[in-house]
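See structure below.
The values are calculated or read from the model by the stated rules, or taken from the named source; none is laboratory data. Just so we're clear, the structure is a prediction, and the values are computed from it rather than from any experiment. All Cβ positions, even for glycine, are placed from backbone atoms using ideal geometry, and neighbour counts span all protein chains on display. SASA here: full protein model, heavy atoms, side chains in, ligands and nucleic acids out. Shrake-Rupley method; radii C 1.70, N 1.55, O 1.52, S 1.80 Å.
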Amino acid sequence: MVEHRSLTRTVRRPYVASVLLDCVVVGAGPAGLAASLALTQRGVDHVVLERGRVGHTWRTQRWDSLRLNNPGWMNPMLGPQPRDTYLCASEVARRLDRLAAGCPVRESEAVTRLHRRQDGWLVRAVGGELRARTVVIATGGENVPHTPDLASRLPERIAQCHAANYRAPAQLPGNGVLVVGSAQSGYQIAEELLAAGRRVVVATSAVGRAPAQHRGRPTLEWLVDLGFFDQRPEGLPDPSVVRAPQPLLVPGGRSASLQSLARAGAVVAGRLTTVDNERIGLDASIAANIEFADAFADRIRKTIDDAIVANGLDAPPSALDDAVAPADLHPPQALDLRADGIDSVVWCTGYTGNFSWLDPALTDAAVPATSSAFPRMPQQLPAQSRPTWVVKVRTRRTLPGRHVPRDRRGRARNERGGNDRHARYRSVVNVTTRPSIRTPEPGSGVA
Ligand SMILES: Cc1cc2nc3c(=O)[nH]c(=O)nc-3n(C[C@H](O)[C@H](O)[C@H](O)COP(=O)(O)OP(=O)(O)OC[C@H]3O[C@@H](n4cnc5c(N)ncnc54)[C@H](O)[C@@H]3O)c2cc1C
């Protein structure tokens, strides 16, 4: 017998492959728990399998001082919190634990394979096999740290870690730190190191940025109202933009930019191109990277301006964005790490997800294939739990919770009028909770 972990109740259910569950949810992060709560509300029999502990990513891959970059009002799923607070990672994990009390979660149950079966899916986990009519893939797209090969060419004396393993400045020996990457993690870790009195060089790349405020309101409020986060990849002219780095948006409702990082004291350089023991090369892209970020912010502002005009809204004029105030840049194009006093490197070079356990037929370029064919989750779900990715559904089905036509004996009827006991849940859905601001593309309806 395997026990579901639950703070309020203990549900016992054996791993019996002959039992056909309505649904298996894989992953107990925010997305998996949101799916589980929605399934419970609708009385759908399911289990959540989690490889580690509930909120594993938030417990194991966040630095000590990290705070959410979206304010309390955007995260109703995490429970009551003041509107404009930014929860820290440990508080997020605590609140996810509290949510999980109402969910049938089995921890330490990594799913290793998902196979199609005639009547649904065979889910192979470390503890055994389960059969399910529906599988929700909620294993996250940002929890496998990516470190470029260049890392292996650094001299041994340099202490290096990925942002996923960075915790606090004291962990990094010496004084000078090279931060590689200038998106969310790179920016915030560089800021924290500067505040701790460290010398910081940041190797940047082209990443968008979001202004904190525009026309008298937080930009996030405008974007939520404009339906920005409800967009689907399939609706974008270039769906690959959803895999672009998240634009820079820092907690606390202030704007951030490469210029502001330079003004705070960082040496802001172009992209890291070569590593040859103590010698590193940086390209001349810093001006282009600043331009890219500022143009991105302009597109967001224009989206809002256009919506104000289109809807005849009364909004104050645009205020000056102090993030664009010029900075005195002296970007180096090469550094001798020893001579320049660099003793540590933090790789803020992003994350992917691990979908190698999926049947390859369900993936497209190693991530779950998506399709607009899948219906939306019900609108009464909290905003943060709306799915933004959906796996291509290869069988005819309806979603749990949707009306299922039944015959006089209560059996589900299929679309041709016959009985189909399994039609209800024969599907796979992939959900993620990120209320992402992605690169607004001209013509995407947001820029
Ligand atoms: C540094 C950083 C900061 C971020 N800050 C924010 C922020 O401020 N606001 C925000 O909205 N988003 C933020 N995000 C994005 C954040 O990752 C998502 O919002 C959120 O955690 C995604 O939830 P999820 O459930 O999809 O994935 P995850 O939180 O990654 O959860 C996936 C779960 O699936 C489990 N799992 C994985 N593989 C398996 C398997 N094979 N079998 C069983 N279980 C498995 C994992 O252990 C994990 O518990 C940040 C991301 C990073 C990297």
> Which ones in segment 135-156 are among the hydroxyl-bearing types (Ser, Thr, Tyr), more than 11 Å from the ligand (Cβ to nearest atom) and touching a residue at least 12 places away in the same chain (Cβ under 8 Å)?
Replying inline: 147
>> I'm trying to understand the selection: among the residues of segment 267-291, which are in contact (Cβ under 8 Å) with a residue 12 or more places away in the chain and open to solvent by 70 Å² or more (accessible area, probe 1.4 Å)?
In response: 271, 274, 276, 277, 279, 284
> Given the conditions (1) within 16 Å of the ligand (Cβ to nearest atom); (2) open to solvent by 50 Å² or more (accessible area, probe 1.4 Å), and given that residue 163 satisfies all but one, which numbered condition is not satisfied?
Replying inline: (2)
> When residues of segment 236-249 are filtered for being in contact with a strand residue (DSSP E or B) (Cβ under 9 Å, 6 or more places away or on another chain) and surrounded by 19 or more Cβ atoms within 10 Å (Cβ to Cβ), how many remain?
Replying inline: 4
>> Quick check on residue 127: is it within 18 Å of residue 28 (Cβ to Cβ), within 12 Å of the ligand (Cβ to nearest atom), small (Gly, Ala, Ser) and surrounded by fewer than 21 Cβ atoms within 10 Å (Cβ to Cβ)?
In response: yes
> Within segment 201-211, can one find any residue that is under 10 Å from residue 346 (Cβ atoms), open to solvent by 40 Å² or more (accessible area, probe 1.4 Å) and more than 14 Å from the ligand (Cβ to nearest atom)?
Replying inline: no
>> Among the listed residues 336, 305, 343, 322, identify the single one that is open to solvent by 70 Å² or more (accessible area, probe 1.4 Å) and of a type in the set (Asp, Glu).
In response: 322
> Can you name the residue in segment 24-61 that is part of a loop (DSSP other than H, G, I, E, B) and without any contact (Cβ under 8 Å) to a residue 60 or more places away in the chain and is also farthest from the ligand (Cβ to nearest atom) among such residues?
Replying inline: 43
> Does residue 314 meet the test of being outside any loop (DSSP other than H, G, I, E, B) and either closer than 26 Å to residue 167 by Cα or of a type in the set (D, E, K, R) (or both)?
Replying inline: no
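Does residue 260 satisfy the criteria of being open to solvent by less than 30 Å² (accessible area, probe 1.4 Å), closer than 29 Å to residue 145 by Cβ and part of a helix (DSSP H, G or I)?
It is true that residue 260 is open to solvent by less than 30 Å² (accessible area, probe 1.4 Å), closer than 29 Å to residue 145 by Cβ and part of a helix (DSSP H, G or I).
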> If you scan segment 58-73, which residues turn out to be open to solvent by 10 Å² or more (accessible area, probe 1.4 Å) and closer than 28 Å to residue 217 by Cα?
Replying inline: 65, 66, 67, 68, 69, 70, 73
> Within the bounds of segment 137-153, is there any residue that is under 16 Å from residue 21 (Cβ atoms) and buried (at least 19 other Cβ atoms within 10 Å of the Cβ)?
Replying inline: yes
> If you go through segment 78-102 one residue at a time, how many are open to solvent by less than 30 Å² (accessible area, probe 1.4 Å) and part of a helix (DSSP H, G or I)?
Replying inline: 7
